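Reading through the structure tokens given below for one structure.
The values are calculated or read from the model by the stated rules, or taken from the named source; none is laboratory data. In this text, all values refer to a predicted model and were calculated from it rather than measured experimentally. Heads up, the Cβs are rebuilt from the backbone with ideal geometry, glycines too, and the neighbour counts pull from every protein chain shown. Heavy atoms of the whole protein, side chains included, go into the accessibility calculation; ligands, DNA and RNA do not. Shrake-Rupley method; radii C 1.70, N 1.55, O 1.52, S 1.80 Å.
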Protein chains: 2
Amino acid sequence: MGKAKTGVDRRTPTIADVAARAEVSLSTVSRVMNGSTTVDAALAERVREAALALGYSASPLARSLVLGKTQTLAVVVPDLGNPTFQGALRGLSDGASEKGYHVLVADSHERAADERELAIEARRRCDGIVLCAPRMPAEELDEILPLLAPVVVINRDPGRADVPSVFADYRSGLTQMLQHVYDLGHRHLVYLEGSENAASNRNRLAAIHEFGATHDDVRIDVVPGGVGFEDGYSAAQSVVGTGATAAIAFNDLAAMGLLNALTEQGVRVPQDVSITGFDDIPFARYTTPPLTTAAVPVEELGAQAWERVWALLNGRTPAYNLSFGPLVVARGSTGPAPAA
Amino acid sequence: MGKAKTGVDRRTPTIADVAARAEVSLSTVSRVMNGSTTVDAALAERVREAALALGYSASPLARSLVLGKTQTLAVVVPDLGNPTFQGALRGLSDGASEKGYHVLVADSHERAADERELAIEARRRCDGIVLCAPRMPAEELDEILPLLAPVVVINRDPGRADVPSVFADYRSGLTQMLQHVYDLGHRHLVYLEGSENAASNRNRLAAIHEFGATHDDVRIDVVPGGVGFEDGYSAAQSVVGTGATAAIAFNDLAAMGLLNALTEQGVRVPQDVSITGFDDIPFARYTTPPLTTAAVPVEELGAQAWERVWALLNGRTPAYNLSFGPLVVARGSTGPAPAA
DNA sequence: ATGGTGAGAGAAAGCGTTTTCTCAACCCTA
DNA sequence: TAGGGTTGAGAAAACGCTTTCTCTCACCAT
């Protein structure tokens, strides 16, 4: 099985092949391919013909090396299976591809420990990175951010002025949500917590504490929950145990799990217990009853993130940081508090 | 703002910097970094120290160029917003990252026209590619497949023996589904079609025709539908118009849209009309009533696809092509046919 | 002593581009 | 007709690595 010298070989053609065929120098080929005007029309045509005949196109790798840019953007998300991040990824990907950029995704599987290495490694292959690492400790984030530049942080406040960010204002969103159920007459609430160490969970807790502090007539319990269906599902007992009339779930997924468990147990929603989610994932409106939630425009969030990396990439100062104030979408899963 | 020659510069260190600091040659540094044993222990230690001090790690770009491999896999999907492809992407990504591989995603936005260029372009930056292009004409697919190798095709039959593939057997799945509603007594069905030119739609149609041919007592209408919520939602009229007692939707998304529209119009599911989906996306079980569907293990599908590229990448012959026979999951959206 | 061996390390080639540098030829003007 | 300015194209350096090739030196057996 020696390398027989068969006339045609399967190796992808290089610039040298084109140069040889067109009987010009490498430089000329390069110039033609990059649209430099400083080349004779006849020669240019010859080069183009040769390139076409050979099916040549420049190696992105070699090009990246010399140009110092890869035309690729890294994105780190905690969980590719979560609709929230899927949405952001989509918005990002759309924006990027529009500008001829490629997207490298890395899924950290919610393991905060891996995020650092994952991000740094991914970043090295790209021109910039969008980081979504809700569980990473603030100090660690602050530490790696400079190594990652150009970087934009998504879904949390990076806590540094020099790093653009786009995120939902979970605190204000949850405050609105609390007000919503309060207005419906609920006075005993329960918050089904997300990951304890997640920034967005802390934001929500802040809203809860503030709301509790400013409303003496309301009681808010906090029980452990999580970020997925199952977490919400298995928290049903503790929710019921509190005797609260309204359950504020960390997100839509948990809310849906809870809703399901409650319904199975014969608890009527919203007659007995009101339930709220967070994010307004595409499916939130299709549950029974449809889920009341705080809408976060995730795809737009991704799009805005792209806009900011793009600015950074072009040496421009990105637009102001964006903090989306989630909007409460009142649907069927919340109703008036049952008469005591 | 000239480039002042400040002692410390922010440029990422190269192998030359490490060599200089350790007072050895480039070759030695390279050898140490790649774990070659043929280097003196003392020297090796010096190199490691220097690398650490400088925070050096080899440029993946330069490395890729010389090694001829990028440690990256391209994935082309028709729609990042679709749970089916999200699942596959996830399975793929998990497998890849386990082997230190990165994943480049490209979303073709269901535009068959773009898929070709997208795939070729993405492929050039990677060592291999997983292609999911349901709408691409068979001839075009057949034409570009050789250019893409190593490649594995997902979600459709590539029609060439030399290209590994992993896909769901839509035909058998739909046949089972038809049998399911038939067994429930339904004799007048309506198929809510997907994209006309999609391979998986043709597979389903084949099942329909066959079923119709072998069961004279059953009538199956076909109406235009689509692949998303809205498509299903807006097809409600034509579905009702047929007078069928069971609607077979192209996929879960369309089924959910249809379910929603029907419910709004006071049509009871499944008392008046039974509805079935396809894929068993995570949310299918949370509709009201829960959706009867044919389960396709999308994540596993992605995982298997990875296994096959991985084999290809290592010069091994990948395992047999896999065709998952979807399993009907009977849930609440299908019931006995109403008495005529 | 001496030629052979083998280990360890540096020099240099090569990966496929882009771009600066250099040079030859041409045209114009004095 | 000579000199200066364009214009166009090739040679070569650079990007940051890996790996082959080459060389030196120490060691061992003869």
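Where residues in segment B:282-297 are more than 9 Å from chain A (Cβ to nearest Cβ) and not in a helix (DSSP H, G or I), which of them is surrounded by the most Cβ atoms within 10 Å (Cβ to Cβ)?
So the first thing to find is which residues in segment B:282-297 are more than 9 Å from chain A (Cβ to nearest Cβ), and the list is B:284, B:290-297.
Those left that are additionally not in a helix (DSSP H, G or I): B:290-297.
Working: B:PRO290: 17, B:LEU291: 29, B:THR292: 26, B:THR293: 31, B:ALA294: 27, B:ALA295: 17, B:VAL296: 27, B:PRO297: 18.
The residue in question is B:THR293.
State all residues of segment B:62-73 that are open to solvent by less than 30 Å² (accessible area, probe 1.4 Å) and within 9 Å of chain A (Cβ to nearest Cβ); if no residue qualifies, say none. Let's see the steps before the verdict.
First, the residues of segment B:62-73 that are open to solvent by less than 30 Å² (accessible area, probe 1.4 Å): B:64, B:70, B:72-73.
Those that are open to solvent by less than 30 Å² (accessible area, probe 1.4 Å) and within 9 Å of chain A (Cβ to nearest Cβ): B:SER64, B:THR70, B:THR72.
Out of the residues in segment B:49-61 meeting the condition of being under 25 Å from A:VAL66 (Cβ atoms) and more than 9 Å from DNA strand D (Cβ to nearest atom), tell me which one is surrounded by the most Cβ atoms within 10 Å (Cβ to Cβ). Taking the candidates together, the pick is B:ALA51. With respect to B:ALA22, is the statement that it is outside the structural domain of B:ASP127 (by TED's automatic domain parsing), open to solvent by less than 40 Å² (accessible area, probe 1.4 Å) and more than 12 Å from DNA strand C (Cβ to nearest atom) true? Judged against the criteria, B:ALA22 is not a match.
Return yes or no: is B:VAL47 within 11 Å of chain A (Cβ to nearest Cβ) and not small (Gly, Ala, Ser)? Can you show your working first?
Values: within 11 Å of chain A (Cβ to nearest Cβ): no; not small (Gly, Ala, Ser): yes.
So B:VAL47 does not fit the description; no.
Every listed requirement among (1) open to solvent by less than 40 Å² (accessible area, probe 1.4 Å); (2) within 27 Å of A:GLY95 (Cα to Cα); (3) of a type in the set (Asp, Glu) is met by B:GLU121 save one, (1). Screening the candidates B:ALA319, B:ALA305, B:ALA311 for the property of being part of a loop (DSSP other than H, G, I, E, B) and over 21 Å from B:HIS186 (Cβ atoms) yields one hit, B:ALA319. Would you be able to say whether some residue in segment B:136-148 is in contact with an Asp or Glu (Cβ under 8 Å, 6 or more places away or on another chain), buried (at least 23 other Cβ atoms within 10 Å of the Cβ) and away from chain A (no Cβ under 13 Å)? Yes, that holds for at least one residue.
With respect to B:THR334, determine if the residue is assigned to a loop (DSSP other than H, G, I, E, B), buried (at least 24 other Cβ atoms within 10 Å of the Cβ) and either of a type in the set (A, V, I, L, M) or in contact (Cβ under 8 Å) with a residue 40 or more places away in the chain (or both).
Values: assigned to a loop (DSSP other than H, G, I, E, B): yes; buried (at least 24 other Cβ atoms within 10 Å of the Cβ): yes; either of a type in the set (A, V, I, L, M) or in contact (Cβ under 8 Å) with a residue 40 or more places away in the chain (or both): yes.
So B:THR334 passes the test.
Of all residues in segment A:29-40, how many are more than 8 Å from DNA strand D (Cβ to nearest atom), open to solvent by 60 Å² or more (accessible area, probe 1.4 Å) and in a helix (DSSP H, G or I)? Going through segment A:29-40 one residue at a time, the tally reaches 1. A:ALA199 falls short on exactly one of the conditions (1) among the aliphatic types (A, V, I, L, M); (2) out of contact with any Ser or Thr (no Cβ under 8 Å at 6 or more places or on another chain); (3) open to solvent by 40 Å² or more (accessible area, probe 1.4 Å), and that condition is (3).
Kindly indicate whether A:GLY95 is away from DNA strand D (no atom under 16 Å from the Cβ) and within 30 Å of B:VAL76 (Cα to Cα). Spelling it out, A:GLY95 is indeed away from DNA strand D (no atom under 16 Å from the Cβ) and within 30 Å of B:VAL76 (Cα to Cα).
B:LEU43: in a helix (DSSP H, G or I), more than 10 Å from DNA strand D (Cβ to nearest atom) and open to solvent by 40 Å² or more (accessible area, probe 1.4 Å), yes or no? Here the answer is yes, as B:LEU43 does meet what is asked.
Per-residue answers, yes or no, for (1) out of contact with any Cys (no Cβ under 7 Å at 6 or more places or on another chain); (2) within 16 Å of DNA strand D (Cβ to nearest atom); (3) under 30 Å from B:ILE154 (Cβ atoms):
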| residue | (1), (2), (3) |
| --- | --- |
| B:SER27 | yes, yes, no |
| B:VAL47 | yes, yes, no |
| B:ARG63 | yes, yes, yes |
| B:VAL75 | yes, no, yes |
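Of the residues making up segment B:292-340, those that are under 14 Å from the mean Cα position of the chain (by Cα) and of a type in the set (Val, Ile, Thr) are B:VAL296, B:VAL298, B:VAL309. Identify, please: which residue in segment A:25-46 is more than 20 Å from A:ARG63 (Cβ to Cβ) and in contact (Cβ under 8 Å) with a residue 12 or more places away in the chain and is, among those, farthest from DNA strand C (Cβ to nearest atom)? Going through the qualifying residues, I end up with A:ARG46.
Pull up segment B:262-281, narrow it to residues that are hydrophobic (A, V, I, L, M, F, W, C) and over 14 Å from B:VAL190 (Cβ atoms), then point me to the one that is surrounded by the most Cβ atoms within 10 Å (Cβ to Cβ).
Applying the filter and picking the extreme gives B:PHE278.
So which residues in segment B:74-102 are facing chain A (nearest Cβ under 8 Å) and either in contact with a Lys or Arg (Cβ under 7 Å, 6 or more places away or on another chain) or β-branched (Val, Ile, Thr) (or both), if there are any at all? Across segment B:74-102, the qualifying residues are B:LEU80, B:GLY81, B:HIS102. Counting only helices (runs of 4 or more DSSP H) that sit completely within segment B:60-169, those holding 2 or more residues that are at pLDDT below 95 and more than 16 Å from DNA strand C (Cβ to nearest atom) correspond to B:83-98, B:112-124, B:138-148.
Taking the condition modelled with pLDDT of 95 or more and either away from chain B (no Cβ under 14 Å) or part of a helix (DSSP H, G or I) (or both), does A:VAL190 pass? Show your work before the answer.
Numbers: modelled with pLDDT of 95 or more: yes; either away from chain B (no Cβ under 14 Å) or part of a helix (DSSP H, G or I) (or both): yes.
Yes, satisfied.
Looking across segment A:312-327, the residues that are surrounded by fewer than 22 Cβ atoms within 10 Å (Cβ to Cβ) and in contact (Cβ under 8 Å) with a residue 12 or more places away in the chain come down to A:LEU312, A:LEU313, A:ALA319, A:ASN321, A:LEU322, A:SER323, A:PHE324, A:GLY325, A:LEU327.
Scanning segment A:179-226 for residues being over 25 Å from A:ASN155 (Cα atoms), among the basic types (Lys, Arg) and free of Cβ contacts under 8 Å to residues at least 60 places away in the same chain gives a total of 1.
When you go through A:VAL181, A:VAL190 one by one, which is the residue that is touching a helix residue (DSSP H, G or I) at 6+ places or on another chain (Cβ under 6 Å), surrounded by 24 or more Cβ atoms within 10 Å (Cβ to Cβ) and among the aliphatic types (A, V, I, L, M)?
A:VAL190
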